[in-house]
Amino acid sequence: MSSTVIFGCGNLIMGDDGFGPTVIKELHDNYQLPPSAEAIDAMTGIREYLFDYLLMAEGRPEHIIILDAVDFDDREPGDVFFIDSSSIPAKKIHDFSLHQFPTVNLLHELEEHTGIKVTIIAAQVEYIPAEIEPGLSKPMITAVSRACEKIMHILSENS
């Protein structure tokens, strides 16, 4: 088990929602992750990964990093920033909840009950299309490299 697991969340065929998986691809293609880190394209199945991979596995990681696209009113498209698990937008909470209730937040519970550190790196979307439309907007393309740099900085601090 890696000491740090990085999960890229999102749907590549839905515009800026593909941010997380695109960051994972960029990490694999253009960065040298340390042996203690693993980067996984979780697509839209992060809840299952967290439950199956982390809660049921022997030897849990010390740190998980979640990459996801968000839509906050006070951010500019392409902004890359950290959010606390308790600050996940209401429309995204169901992605991480085992029971689909906003009050049950698996990420917060992971931190509180297992000691696993959870870091969420979010990027502000420009837009999410109503229908299938692959590809990131220009601001989100720029956000991918900024997110990779943040991850590499975190990993260098942990080694």
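Going by average Cβ neighbours within 10 Å, how do the peptides 18-24, 28-34, 113-119 rank, with the highest at the top?
Values: 18-24: 26.9, 28-34: 11.0, 113-119: 14.7.
Result, highest mean Cβ count within 10 Å first: 18-24, 113-119, 28-34.
The simple spin-label model puts a point 7 Å past each Cα toward its Cβ; for H28 and I13 those points are separated by 1.8 nm. Put simply, the amide H of T44, placed in the peptide plane, has neighbours under 5 Å in G10, leaving out anything fewer than 5 places away on its chain.
In this structure the amide hydrogen of V70, modeled in the peptide plane, comes within under 5 Å of the amide hydrogens of A123, Q124, V125, none closer than 5 places in sequence on its chain. Applying 0.36 nm per residue to the separation of T142 and D73 and subtracting their alpha-carbon distance, the gain on full extension is 22.9 nm. Computed extension gain for I40 through F81, at 0.36 nm per residue and net of the alpha carbon distance, reaches 12.8 nm.
Here the 3J(HN,Hα) profile of the stretch 7-23, calculated from phi with Karplus coefficients 6.51, -1.76 and 1.60 at θ = phi - 60°, is 10, x, 9, x, 10, 4, 8, 10, x, 5, 5, x, 3, x, x, 5, 5 Hz, Gly and Pro shown as x.
Bear in mind that the values in this text are calculations on the coordinates, not laboratory data. Quick caveat, the model's predicted, so the values are computed rather than measured. Neighbour counts are summed over all protein chains in view; Cβ atoms, including those assigned to glycine, are modelled from backbone coordinates with ideal geometry.
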